[in-house]
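Enquirer: Below you will find the structure I want to go over with you.
Read-outs throughout are calculated quantities, based only on the coordinates presented, and are distinct from any laboratory measurement. Quantities reported herein were computed from a predicted structural model and do not represent experimental measurements. Ideal geometry is used to build each Cβ from the backbone, glycine not excepted, and the neighbour counts take in all protein chains shown.
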Amino acid sequence: MKRHLVIFARTPQAGRVKRRLGAAIGMREAVRFYRRILGDQIRRMTLDPRWTVWLFVTPDNTLGHPAWHLVPVSRRKPQRQGDLGRRMKLPFASLPPGPVVLVGSDIPEMRASHIARAFALLGAHDLVFGPARDGGFWLVGARRVRPLPRSLFARVRWSIPTALADTLAGLPDHITVALADTLEDVDDAEALRRLAG
């Protein structure tokens with residue numbers, strides 16, 4: 001079966017992306033940073049033949065945005081409505097058969113080797129998570145040989161250091177989980193400084 005890599009992205013527009021970072025470095029500079037990181041990520045991931053890249057974007061009416069030009073229109077999808085957990089479940093429920101790995105769009109350190117390792121871990125586990133250094137996660141993947149647990153993302157407090165712990169705590173005991181590499185998602189000036197240093 002095909003492997004599916006989903007990049008979960010916001011359209012790079014001022015006021016819609018990197019607001020915490022923008023408060024420190026200016027909104028225009030934050031959008032420029034995001035657009036560069038996202039473009040590099042899409043470029044690297046679409047060059048790898050080991051998986052098919054899909055873009056799930058918000059706002060839903062921006063599927064034709066120039067930032068997505070490397071991904072065919074047929075593989076661009078809207079994130080739809082709901083909280084982050086509900087929106088992240090959509091690709092797992094709607095894509096063709098095969099394992100799915102979903103990543104954020106602001107992970108400068110992410111390389112194809114990290115994605116390949118996540119897919120490899122799904123060979124023996126139901127779910128895989130890539131921890132972020134801030135306590136969240138930059139990657140979630142599912143083998144999809146059985147339905148996702150209903151409790152996945154049900155009681156997660158997003159955008160705080162317990163997001164991964166909340167997610168793991170809500171999973172049933174019979175679900176097997178692996179942890180992939182820990183990477184940094186750049187949400188604020190402190191993370192940007194760590195990346196530069």
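Enquirer: For W138, W54, what ranking results if the residue with the fewest other Cβ atoms within 10 Å of its Cβ goes first?
Expert: If I rank by nearby Cβ atoms, fewest first, I get W54, W138.
Enquirer: Nearest 5 percent is fine: what portion of the DSSP beta bridges confined to region 4-196 is antiparallel? Mind showing how you got there, number by number?
Expert: Numbers: 9 of 27 bridges.
In region 4-196, DSSP labels about 35 percent of beta bridges as antiparallel.
Enquirer: Also, I was wondering about something else. Work from the charge dipole of the chain (Cβ charges, +1 for Lys and Arg, -1 for Asp and Glu, about the Cα centre) and give the residue of P78, A191, V17 farthest towards its positive end.
Expert: The listed residue farthest towards the positive side: P78.
Enquirer: Once every DSSP H run of n ≥ 4 in the chain is given -39500 (n - 2.57) and the sum is divided by its residues, what mean residue ellipticity at 222 nm do you get, rounded to the nearest 500 deg cm²/dmol?
Expert: The helix contribution divided over the chain gives -9500 deg cm²/dmol.
Enquirer: Also: Starting from the Cα gyration tensor of region 66-197, take the square roots of the eigenvalues, sort them a ≥ b ≥ c, and report rounded, prolate or oblate (rounded when a/c is under 1.5, otherwise prolate if a/b is larger than b/c, else oblate). Mind dumping the intermediate values first?
Expert: Values: a/c = 1.40, a/b = 1.14, b/c = 1.23.
Taking the square roots of the gyration eigenvalues as a ≥ b ≥ c, region 66-197 is rounded.
Enquirer: Only four residue types carry charge here, +1 at the Cβ of Lys and Arg and -1 at the Cβ of Asp and Glu. Report the dipole size of region 95-197 about the Cα centre in Debye, rounded to the nearest 20. Walk me through the numbers on the way to the answer.
Expert: Values: 11 positive and 12 negative charges, 87 e Å.
In debye, rounded to 20, region 95-197 gives about 420.
Enquirer: Regarding region 77-134, what is the average projected area of its C-alpha convex hull, in nm²? List each step's numbers first, then the result.
Expert: Values: hull surface 20.2 nm².
Mean orientational projected area (region 77-134, Cα hull): 5.0 nm².
Enquirer: Ok, one more. Under a Cβ-Cβ cut-off of 12 Å, what is the net charge of the residues other than E109 that fall near it, where Lys and Arg count +1 and Asp and Glu count -1? Display every interim value, and only then the final one.
Expert: Numbers: positive: R44, R111, R133, R194; negative: D40, D106, D181, E184, D185.
Summing Lys and Arg as +1 and Asp and Glu as -1 gives -1.
Enquirer: While we're here: Using alpha carbons only, how many degrees (0 to 90, rounded to 10) separate the axis of helix 112-121 from the longest principal axis of the chain?
Expert: That works out to roughly 20 degrees.
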